Amino acid sequence: MQGTEAIWLQNSTAPSISDSFRGNDLAHKIVVTLSAGLSLCGASVIIGTFIAWEDFRSVSRKILVYISMADFLIAAGNLLGFWIHHAQLSSKNDFFNKLCEGQSFVTSTASLWSFFWTVYLAIFLYMVVVKKQRMIAEKSMTIFHFFAWGIPLALVGTALGFQKLSTRPDSKYTSGWCWVPSDMGPSDQALWILVLGKAWEIAAYVLIFVFFFTLKYHIRKVLYNTGHLQSQNSVENAWKAEKRLTFVPVVFVLLRMWGTIRFVLYTYGGLRPSSWFTRALLYLHGIGDNSQGSANFLLFCLFTERFQSHVNNFAHSVVFNCREACSYSKTKSVRFQDEEEMICSTQETRLIEKDDSHKTYEAC
């Protein structure tokens, strides 16, 4: 234990990674801002399609919307905290400190919401597909609302009450936004890092892998045993769903693991802040923590036939309406020209009757 404390104290007294970059790393700004922006767009599309398209309003999609709401807050909060970092480098205003603390509260809570609801999505699909207990799974939504929203709020609210949320951005355990204060004691800091994210994140890794791969195994087993009794279209759709289920836990872990790796290495590995490996982990952490919304959009929207069908129908309707509008405009223009010709002809006739033929040209 003393060795661990010594390593931690040595790391805490070493120059922070934020001191190495001092907010002047353009590549870091680009990757964090771009990944957060794409995640905001992806989460917004998932929420928007749930509202706009009635056939997207299933229980599993509703859970995905809850995850997307959390991912939206994570990306927005991290982006805000990241740029607060650069504003604080040139300003000592207390307003930024309060804003940083508020961002830490929002993103910490939203991260836990995302973990809880992602795990529950895996549990829900397992109960519906493997256990054939849809009614029980849907009724358990009420209970899970209490736990998935309530526990994160209670934990982060407690941290806020004990002043364990950072008022200054730090790039040691984040990629430049606010989270846990860096000036706490080593054991105290480790405790709050685990309580406010890492312990729940690691638990989510394990549970998501277990439930999704159990679900994947069940689908594959059913297809092998009864595939010859089903239509070719049904079998193809089932295989596509089975493949997509493989990506869900893999993508989740690939995106979130960089922060966990940095936490372990800084705590126990004596990671040097100025190394190229540290810089690479910093970038990957900034991309991964802010990309869950865009990843879910790709997995559950863009690569699904239902979403593609809706987009195609929408595109066809837009093209059709444009053609109708253009056709109506041309018809109206022809009618207007015909009316002008009729008026001109009438005026010409009247002028001829008056023997004022030289005015005919002027009237037309």
Open item on the list: Looking only at the stretch 156-187, how many residues end up being over 22 Å from N290 (Cβ atoms) and in contact (Cβ under 8 Å) with a residue 60 or more places away in the chain?
Closed with: 2
- [ ] State whether one or more residues within the stretch 72-81 are more than 30 Å from L245 (Cα to Cα) and modelled with pLDDT under 95.
- [x] yes
TODO: Would you mind telling me which numbered condition in (1) farther than 23 Å from V250 by Cα; (2) surrounded by fewer than 23 Cβ atoms within 10 Å (Cβ to Cβ); (3) small (G, A, S) G81 fails?
DONE: (2)
Open item on the list: Being touching a Gly at 6+ places or on another chain (Cβ under 9 Å) and of a type outside the set (A, V, I, L, M) is true for just one of F82, F146, F162, F124. Which residue is that?
Closed with: F82
Task: Test set (1) at pLDDT below 80; (2) under 30 Å from Y173 (Cα atoms); (3) of a type in the set (D, E, K, R); (4) out of contact with any Ser or Thr (no Cβ under 8 Å at 6 or more places or on another chain) - R256 fails condition number - done: (1)
TODO: From (1) touching a Gly at 6+ places or on another chain (Cβ under 9 Å); (2) at pLDDT below 90; (3) among the polar types (S, T, N, Q), pick out the condition that doesn't hold for T304.
DONE: (1)
TODO: Could you please let me know if G288 is modelled with pLDDT under 85, within 32 Å of the chain's Cα centre (by Cα) and surrounded by 12 or more Cβ atoms within 10 Å (Cβ to Cβ)?
DONE: no
Open item on the list: Return the residues of the stretch 99-133 that are assigned to a helix (DSSP H, G or I), of a type in the set (S, T, N, Q) and under 29 Å from S60 (Cβ atoms); say none if nothing qualifies.
Closed with: T107, S108, T109, S111, S114, T118
- [ ] Tell me, please, whether a residue that is in contact with a Phe, Trp or Tyr (Cβ under 9 Å, 6 or more places away or on another chain), among the acidic types (D, E), assigned to a helix (DSSP H, G or I) and buried (at least 19 other Cβ atoms within 10 Å of the Cβ) can be found in the stretch 134-145.
- [x] no
Open item on the list: So for the stretch 63-77 (the condition being free of Cβ contacts under 8 Å to residues at least 24 places away in the same chain, part of a helix (DSSP H, G or I), within 30 Å of N312 (Cα to Cα) and of a type in the set (V, I, T)), does at least one residue qualify?
Closed with: yes
Task: Test: F96 is assigned to a helix (DSSP H, G or I), at pLDDT 95 or above and more than 17 Å from the chain's Cα centre (by Cα) - done: no
Task: Qualifying positions in the stretch 99-111 - under 17 Å from the mean Cα position of the chain (by Cα) and free of Cβ contacts under 8 Å to residues at least 40 places away in the same chain - done: V106
Task: Count - residues of the stretch 1-40 that are at pLDDT 90 or above and either farther than 25 Å from I74 by Cα or out of contact with any Ser or Thr (no Cβ under 7 Å at 6 or more places or on another chain) (or both) - done: 7
Open item on the list: Between S182, S187, S111, which is under 27 Å from I287 (Cβ atoms), out of contact with any helix residue (DSSP H, G or I) (no Cβ under 6 Å at 6 or more places or on another chain) and either small (G, A, S) or buried (at least 16 other Cβ atoms within 10 Å of the Cβ) (or both)?
Closed with: S182
Task: Subset tally (residues that are touching a residue at least 12 places away in the same chain (Cβ under 8 Å) and aliphatic (A, V, I, L, M)) for the stretch 136-155 - done: 6
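Name the residue that is farthest from V128 (Cα to Cα), counting only residues in the stretch 24-65 that are aliphatic (A, V, I, L, M) and loosely packed, with under 14 Cβ neighbours inside 10 Å. I'd like the intermediate steps shown before the answer.
Our first condition is that a residue be aliphatic (A, V, I, L, M); within the stretch 24-65, this holds for 26-27, 30-32, 34, 36, 38, 40, 43, 45-47, 51-52, 59, 63-65.
Cutting the leftovers down to loosely packed, with under 14 Cβ neighbours inside 10 Å gives us 26-27, 30, 51-52.
Details: L26: 47, A27: 45, I30: 42, I51: 24, A52: 25 Å.
Taking the candidates together, the pick is L26.
The values are calculated or read from the model by the stated rules, or taken from the named source; none is laboratory data. Note that the structure is predicted; figures quoted are calculated from it, not measured. Here the Cβ is made from the backbone with ideal geometry for all residues, glycine too, and neighbour counts use every protein chain on show.
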